[in-house]
Amino acid sequence: MEWLDLQQKHINHQQKMDINLLFYKHPNPMWIYDCDNLKFLDINENALIKYGYSREEFLQMRITQIHSPEDVPMLLAFLAQNNNQLQKLGKWRHTRKDGQYIFVEIIAQVIDYQGKNACLVDIQDITEHKRVEVTLQDSEARFRAISQAIPIPLVIARLDDGMILYANPEFIQTFKFVAEDLLNLSIAELYTNNYEWQKLLTEFKQNGYLSTREIQFKKLDGTCFWMLSSLRYLKFNDQPSLLQILDDITERKNNELRLKAQAEREKLMRTVAQRIRQSLNLQDILNATVQEVRFLLEVDRVVVYQFASDMSGKIMAESVAPGWTVSLGVEVEDTCFQHGAGAGYYAGRKRAIPNIYKAGLSDCHVKLLERFEVKANLVVPILLDMNGENADFYLWGLLVAHQCSQPREWEESQLDLLDQLTVQLAIAIKQSNILQQAQIEITQRQKAETELRSALAEKEVLLKEIHHRVKNNLQIVSSLLQLQSDTFQDPEVIKALRESQNRIESISLIHKNLYTSPNIGQLNIAEYINTLAANLLISYQVVPGRINLETDIDAVNLNIDQAIPCGLVINELISNALKRKDSGLNVRN
């Protein structure tokens, strides 16, 4: 029995030795204090080293003396409320003997120490960790102060899911948020095109940064604007994050878009004007114009509509995107215009309708537009200047752009473009009308000319027939005179009959030359005189060689009224010359 008691004492002593060894040699500072009066009862070696006090000094102190004075009331209140066996006393600030502060985290265990209600304390020095934490807090505070002060929107989002962790006031104001709107909001929701965010994120993860990209964002109210965006990697609250810095370039971008749109409009105007100069085919001009306008305005349909005299009409040209109803060739009965709904277009009224259901249109007009799936449209009248002095205009038709997919807010420049194009189309239409009128006049003139030529040909044939018959009749008269002269013996009678016969022959020769001439009605006088003189020489039975006939006559054409008197005069002159013929006589004309 005594042996067992001795053995138990030995075991207890050994355990006590082991506990003391673990306490005194523990790598963390440790001590034991009296829970009733808070005095130190025992201290290990690392505590002596860490705090700089000797064991004797420690044993004369209370635990409140190593706390900063401002923390003591809080410490006492904490100890009064926490009497558990094992308790974590939290993080505290202790004072070393040399006056330096250290930050510690304490775990305490209530124990029985030499018959006293004591507490065993294990101390973890977290000064370095606290310094880093304070530095980070200071850095974060400075970052927040700077980010809130700079007039540039910036936002921090979690890298894995894009959730917004922080946004400075400028960002909130730019996007027209309140702070509560940012809760559980992903930055991807701010992009107009979510695909753009995924594309940027992929590139960012590949390169680790992203600089100066032009991105279109949307505000809380749905309006869109342009920002210049840069992305950088950072850790925010120990989370892999990205910092996005933004710069509003909406005004610059809008100016660029306006300049680009203006350049495209000017190019289109030049193209249409050049096509008008190069082509006189109105249909080709209209087809090309609606095609160019549809692509430029990015609409679903563009048509040119022409009015008839009763204000009914038809679609003259159309360009329509795939998937939408084709209106070209479809019979359109717009009774609204026939009842005066289009009166404003006579005065050059232009209309930009973002939503046909909110524009106050008549039911018949809405139904017509619904037939062709129209949600919004632009309408500009095509007016023709009738007298060239801009005083009297005629409503020829309309140039219309349709948005079928959804309602659309139109820009003033888009309406102006159609207005400018209608001026060019009016020129083309007027030019085409002039061409058509000229073609009609040319056709009528050609027809009249053909008819005139036909009439002239008929008259020419008739005149030739008349000349031929007159010549034949005169030949008959001449022959009768010849026969009659053969019955007389009196030389004077025979002479008179021959002279009459020669005069008739001269007239007959004129008619013969006229109906054989290629230019009827005109007689070549030189040819006629030579033939007449030769016939007279034969008539007077002149021996060849006794009389020489020489002529010097200009190539002159005479009509029948001039040729007959001329022929008679020449006949008398040559006849008189032959009556007085002598040997070697020269007859000159």
Among the trypsin sites (Lys or Arg not before Pro) in the range 181-289, which ones are in a DSSP loop with at most 13 other Cβ atoms within 10 Å of the Cβ? Mind listing them?
Lys219
For a quick check: with amide H placed at 1.01 Å from N, whose amide H comes under 5 Å from Leu38's, ignoring anything fewer than 5 positions away on the same chain?
none
Compute the distance in nm between two label points, each set 7 Å from the Cα along the Cα-to-Cβ direction, one at Ser309 and one at Asn576.
7.4 nm
So if R0 is 60 Å, what FRET efficiency would Tyr113 and Glu180 give, r being the distance between their Cβ atoms, rounded to the nearest 0.05?
0.65
Around Leu89, which amide H atoms from residues at least 5 apart in sequence, or from another chain, sit under 5 Å from its own amide H, with H modelled in the peptide plane?
Ile106, Ile107, Ala108
Could you derive backbone 3J(HN,Hα) for the range 487-502 from the dihedral phi with the Karplus parameters 6.51, -1.76 and 1.60 (θ = phi - 60°), listing whole Hz in sequence and x where the residue is Gly or Pro?
8, 9, 10, 6, x, 5, 5, 4, 5, 5, 5, 5, 5, 4, 5, 5
Show which aspartates and glutamates lie in cross-link reach of Lys260 when reach means a straight Cα distance below 16 angstrom and same-chain residues fewer than eight apart are skipped.
Glu251, Glu292, Glu298, Glu411, Glu412, Asp416
Enter the accessible area per residue of the range 30-106 (Å², integer; probe 1.4 Å; all protein chains in place).
53 Å²
So, with points 7 Å from each Cα along the Cβ direction, the Lys447-Asp385 label distance in nm works out to 3.3 nm
Per the 1/(1 + (r/R0)^6) rule, R0 = 22 Å and r from the Cβ atoms of Glu373 and Glu256, FRET efficiency to 0.05 is 0.10
Using the Karplus curve 6.51 cos²θ - 1.76 cosθ + 1.60 with θ = phi - 60°, what ³J(HN,Hα) values do you get for each residue of the range 268-275, in whole Hz, with x for Gly and Pro?
5, 4, 5, 5, 5, 4, 5, 5
Of all accessible surface on the range 154-300 at a 1.4 Å probe, what whole percent is carbon and sulfur?
48 percent
The pairs in Lys253/Lys375; Lys39/Lys97; Lys50/Lys235; Lys219/Lys375; Lys219/Lys358 lying past 23 Å Cα-Cα in this model are Lys253/Lys375; Lys50/Lys235; Lys219/Lys375; Lys219/Lys358
Whole Å is fine, so just give me how far the alpha carbon centre of the range 173-199 lies from that of the range 421-440.
55 Å
So which GluC sites (Glu not before Pro) in the range 272-333 pass both tests, a DSSP loop state and at most 15 other Cβ atoms within 10 Å of the Cβ?
Glu298, Glu331, Glu333
Hz values of 3J(HN,Hα) by residue in the range 33-45 - Karplus curve (6.51, -1.76, 1.60), Gly and Pro given as x:
10, 7, 5, 7, 10, 6, 7, 5, 9, 7, 9, 8, 5
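The values are calculated or read from the model by the stated rules, or taken from the named source; none is laboratory data. Nothing here was measured: the structure is a model prediction, and the numbers come from that model. As a convention, Cβ positions derive from the backbone with ideal geometry for all residues, glycine included, and neighbour counts pool all protein chains shown. These accessible areas exclude ligands, DNA and RNA; they are computed on the full protein's heavy atoms, side chains included. Shrake-Rupley method; radii C 1.70, N 1.55, O 1.52, S 1.80 Å.
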